[in-house]
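The values are calculated or read from the model by the stated rules, or taken from the named source; none is laboratory data. The structure displayed is predicted, hence computed values, not measured ones. Glycine also receives a Cβ, built like all others from the backbone with ideal geometry; neighbour counts cover every protein chain displayed. Ligands, DNA and RNA are excluded from the accessible area calculation, which covers all protein heavy atoms including side chains. Shrake-Rupley method; radii C 1.70, N 1.55, O 1.52, S 1.80 Å.
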Amino acid sequence: MTAQLIDGKALSSQLRADIARRAQALKAQGKVPGLAVILVGDNPASQVYVRNKVRACEDVDIRSVLERHDATMTEAELLARIHALNTDPAIHGILVQLPLPPQIDSHKVIEAISPTKDVDGFHVASAGALMVGEPGFKACTPYGCMKMLESIGMRDLRGRHAVVIGRSNIVGKPMAMMLLAANATVTICHSGTKDLAAMTRQADIVVAAVGKRHVLTADMVKPGAVVIDVGMNRDDAGKLCGDVDFDGVKEVAGWITPVPGGVGPMTITMLLMNTLASCEGLA
Ligand code: GUN
């Protein structure tokens with residue numbers, strides 16, 4: 001192995017210790033950061049994600065309120081809950097776990113969340129603020145990826161070429177905007193981009209966020225490049241793996257994030273960070 005690991009678990013622990021310290025400082029002023037987590041229905045993966053988020057809040061003294069609703073909840077009922085939470089002074093962040101049942105329009109729901117409490121960073125106002133360089137909440141997964149780059153000394157990316165594979169609204173697009181804001185030259189690709197390897201071989205930084213195994217293989221990576229793997233897939237044996245062929249790519253890259261223990265823990269950490277910042281009045 002030639003690549004050095006970017007350990008998301010270790011970086012998360014450091015950041016969470018800082019979050020816990022800041023939460024304590026708020027407590028001394030009589031303020032407690034509060035996060036409302038809304039789960040509609042009983043999607044098993046969503047139940048695990050929500051449980052992990054609530055547990056992470058407990059560890060850093062952020063108060064979380066978990067609301068579980070039946071899969072039959074109507075859109076109007078959910079919108080009414082969001083309106084109530086928008087005006088609740090004890091709540092600084094509102095997270096609606098996706099996906100929602102088919103009778104509910106997710107976009108409408110996200111747009112109902114006050115941008116001042118949009119700790120997922122999914123609201124059009126948050127995406128727009130990122131695009132024009134104004135303050136606003138940053139989507140947690142790409143924000144975590146930027147923190148991982150900072151942790152290896154890559155804060156100003158002037159002169160570096162970053163290639164993002166995947167163009168989802170919650171990872172690929174905001175990732176590209178954050179890299180651009182850090183002065184990188186950015187190319188956004190699709191998993192079906194013609195000659196994807198020709199693009200990625202030019203990259204100093206590759207972010208793979210497609211949700212498919214082996215999107216990035218060793219022959220597609222420039223020696224010494226930084227490779228960030230946002231994927232969460234299962235291999236044939238049922239083991240968790242990313243979008244990157246880790247065993248091959250680690251022999252070529254300069255830095256690489258593992259799966260598990262890479263981007264995954266960072267996503268929740270940045271959710272905690274956004275909730276804290278909301279309570280501090282910084283976002
Ligand atoms: N579903 C899958 N990922 C996410 C996420 O980051 N936030 C929310 N709210 N739902 C999700």
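I want to confirm something. Restricting to the stretch 240-257 and keeping residues that are within 20 Å of the chain's Cα centre (by Cα) and within 19 Å of residue 204 (Cα to Cα), which single residue is surrounded by the most Cβ atoms within 10 Å (Cβ to Cβ)? If we take residues in the stretch 240-257 being within 20 Å of the chain's Cα centre (by Cα) and within 19 Å of residue 204 (Cα to Cα), then 244 is surrounded by the most Cβ atoms within 10 Å (Cβ to Cβ). Every listed requirement among (1) surrounded by fewer than 19 Cβ atoms within 10 Å (Cβ to Cβ); (2) in contact (Cβ under 8 Å) with a residue 24 or more places away in the chain; (3) in a helix (DSSP H, G or I) is met by residue 127 save one, (1). Of the listed requirements (1) touching a Gly at 6+ places or on another chain (Cβ under 7 Å); (2) in contact (Cβ under 8 Å) with a residue 60 or more places away in the chain; (3) assigned to a loop (DSSP other than H, G, I, E, B), residue 9 misses just one: (3). Is it true that residue 89 is more than 19 Å from residue 264 (Cβ to Cβ) and at pLDDT 95 or above? Yes: the conditions hold for residue 89.
In the stretch 133-160, the residues that are within 22 Å of residue 116 (Cβ to Cβ) reach residues that are at pLDDT 95 or above and in a loop (DSSP other than H, G, I, E, B) with C-beta atoms within less than 6 angstrom, at least six apart or across chains, in these pairs: 137/118; 137/119; 137/121; 138/121; 139/121; 139/170; 141/171; 142/171.
Exactly one residue out of 18, 88 is farther than 22 Å from residue 146 by Cβ and surrounded by fewer than 16 Cβ atoms within 10 Å (Cβ to Cβ): that is 88. Would you call residue 53 among the basic types (Lys, Arg), at pLDDT 95 or above, open to solvent by less than 60 Å² (accessible area, probe 1.4 Å) and in a helix (DSSP H, G or I)? Taking the combined requirement at face value, the residue satisfies it. Residue 111 passes every criterion in (1) touching a residue at least 12 places away in the same chain (Cβ under 8 Å); (2) under 26 Å from residue 23 (Cβ atoms) apart from (2). You will find that of 98, 85, 66, the residue that is more than 30 Å from residue 249 (Cβ to Cβ) and either not aliphatic (A, V, I, L, M) or not in a helix (DSSP H, G or I) (or both) is 66 and no other. Among the conditions (1) open to solvent by 50 Å² or more (accessible area, probe 1.4 Å); (2) within 15 Å of the ligand (Cβ to nearest atom); (3) farther than 13 Å from residue 181 by Cα, residue 138 misses just one, which is (3).
To keep it simple, each residue is scored yes or no on (1) open to solvent by 70 Å² or more (accessible area, probe 1.4 Å); (2) away from the ligand (no atom under 16 Å from the Cβ); (3) hydroxyl-bearing (Ser, Thr, Tyr).
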| site | (1), (2), (3) |
| --- | --- |
| 11 | no, yes, no |
| 14 | yes, yes, no |
| 31 | yes, yes, no |
| 38 | no, no, no |
| 42 | yes, no, no |
| 49 | yes, no, yes |
| 58 | yes, yes, no |
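The set of residues in the stretch 183-239 that are within 21 Å of the chain's Cα centre (by Cα), of a type in the set (Lys, Arg) and in a loop (DSSP other than H, G, I, E, B) comprises 212, 213. Which of the residues belonging to the stretch 258-281 are without any contact (Cβ under 8 Å) to a residue 40 or more places away in the chain and either surrounded by fewer than 16 Cβ atoms within 10 Å (Cβ to Cβ) or on the phi > 0 side of the Ramachandran plot (or both)? Across the stretch 258-281, the qualifying residues are 260, 281.
In the set 66, 78, only one residue is open to solvent by 50 Å² or more (accessible area, probe 1.4 Å) and within 14 Å of the ligand (Cβ to nearest atom); that residue is 66.
Residues that are under 16 Å from the mean Cα position of the chain (by Cα) and hydrophobic (A, V, I, L, M, F, W, C) are absent from the stretch 150-159 altogether. Can you find a residue in the stretch 142-161 that is of a type in the set (Phe, Trp, Tyr), within 16 Å of the ligand (Cβ to nearest atom) and either outside any helix (DSSP H, G or I) or out of contact with any Gly (no Cβ under 8 Å at 6 or more places or on another chain) (or both)? Scanning the stretch 142-161 turns up no residue that is of a type in the set (Phe, Trp, Tyr), within 16 Å of the ligand (Cβ to nearest atom) and either outside any helix (DSSP H, G or I) or out of contact with any Gly (no Cβ under 8 Å at 6 or more places or on another chain) (or both). Cβ-Cβ contacts under 7 Å between residues 6 or more apart (or on different chains), taken from a first residue in the stretch 83-104 that is within 16 Å of the ligand (Cβ to nearest atom) to a second residue that is open to solvent by 40 Å² or more (accessible area, probe 1.4 Å) and part of a loop (DSSP other than H, G, I, E, B), are listed as 99/43; 101/71.
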